[in-house]
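Heads up, the thing below is written out as structure tokens.
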Amino acid sequence: MKSNSETREQFDKKFSILKPLILNAKKMTVFTGAGVSTLSGIPDFRSSKGIYSKKWEGLDVEHILSISFFMENPDVFYTWAKAFWYKLDTYEPNVVHRTLAKLEAKGYMRSLYTQNIDMLHQKAGSKKQYEVHGSAAHHYCTNCNRHYSYDEIAPIVLRDEVPRCTACGSLIKPDIVFYGENLNTHILNRAYEDFRNTDLCLVLGSSLRVQPAASFPMYATQNGAPLVIVNAQQTTQDGAATLRFIDLEKVFVALESWVDT
């Protein structure tokens, strides 16, 4: 499905339905995926041109992002990550990040859950945002659990060094969920609760294929909440959607203009 398959008339009709849904919601919950970050120029993972589509130095990137590989080959991981994760601070929030922060500030949004690790929701000013897969903003020692910030670790990685704990000398790991690790139980439980009790669920820039986070919107629809999906590609929950938009940027340019009035 391509963005030009949605006419202006179709868009305007659906947008006129979306506005009162947001206005009347008291507990709106939002779920964002990589499609939001691509509007800021950050590559996604799973598209035909995404990070996973090409090997790096003969290695599958998914293998590089496994916890077992990281613990055995931290130098390889950090060499790969140098060009991507440790330049995330150079990207800026886009219209989606900005508008969600404004919706929260005006009391329309209760909570935001993101699969993205890029810190852009936080940078845009969102307060009630939860990073399901972790965040590049935080790092910790794999031995003594001492915590470090992105600003402390990025310069070390950019010097082609493996970051080591200043207290015990052990390996430092980004606080991001690697393959083979479990998601944060506290965030998961909070998400299940919020999506069960929401009165409006927005899914933005996600095809809803990565579990368990992809199941969050199901909890909303099972309890009668309207589901609004905005994504260029088909998602696993399109059939349950109250509204389905294609062009994320178009929707949020219109939403930002409306919120600002």
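Values in this text are rule-based calculations from the coordinates and carry no lab data. Since the model is a prediction, treat every value here as computed from it, not as a measurement. A quick note on method: Cβ atoms are made from the backbone with ideal geometry, for glycine too, and the neighbour counts reach across all protein chains shown.
Below, the figures for the structure above:
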| read-out | value |
| --- | --- |
| In order through segment 165-177: 3J(HN,Hα) via Karplus (6.51 cos²θ - 1.76 cosθ + 1.60), integer Hz, x for Gly, Pro | 5, 6, 8, 10, x, 7, 5, 9, 10, x, 7, 10, 6 |
| Estimated distance in nm for a label pair at Lys14 and Glu181, the labels positioned 7 Å out from Cα along Cα-to-Cβ | 3.6 |
| Long-range amide H partners of Tyr179 with built H, under 5 Å | Ser66, Ile67 |
| Rounded to whole Hz, the Karplus (6.51, -1.76, 1.60) HN-Hα couplings of segment 203-214, x for glycine and proline | 10, 10, x, 9, 8, 6, 10, 9, 8, x, 4, 5 |
| Rg and Dmax of segment 70-113, Cα atoms only, in Å | 16.8, 47 |
| Full-extension gain in nm, Asn223 to Thr79, via 0.36 nm per residue minus C-alpha separation | 47.3 nm |
| Directionally averaged projected area (convex hull, Cα atoms, segment 220-261), nm² | 3.5 |
| Cβ-Cβ FRET estimate between Ala167 and Ile67, R0 fixed at 25 Å, reported to 0.05 | 0.70 |
| Longest to shortest principal axis, alpha-carbon extents of segment 160-261, angstrom | 53, 31, 27 |
| Directionally averaged shadow of segment 90-228, computed from the convex hull of its alpha-carbon atoms, nm² | 9.5 |
| Within the chain, helix-based [θ] at 222 nm, where runs of 4 or more DSSP H residues each add -39,500 (n - 2.57), nearest 500 | -10500 deg cm²/dmol |
| For Arg146, distant residues with modelled amide H under 5 Å away | Cys141 |
| Of all DSSP beta bridges in the chain, antiparallel share, percent nearest 5 | 30 |
| Fluctuation leader among Ile64, Ile246, Ile17 - the chain, Gaussian network, Cα springs under 10 angstrom | Ile17 |
| Where GluC sites (Glu not before Pro) fall in DSSP loop in segment 134-228, at most 16 other Cβ within 10 Å | Glu161, Glu181 |
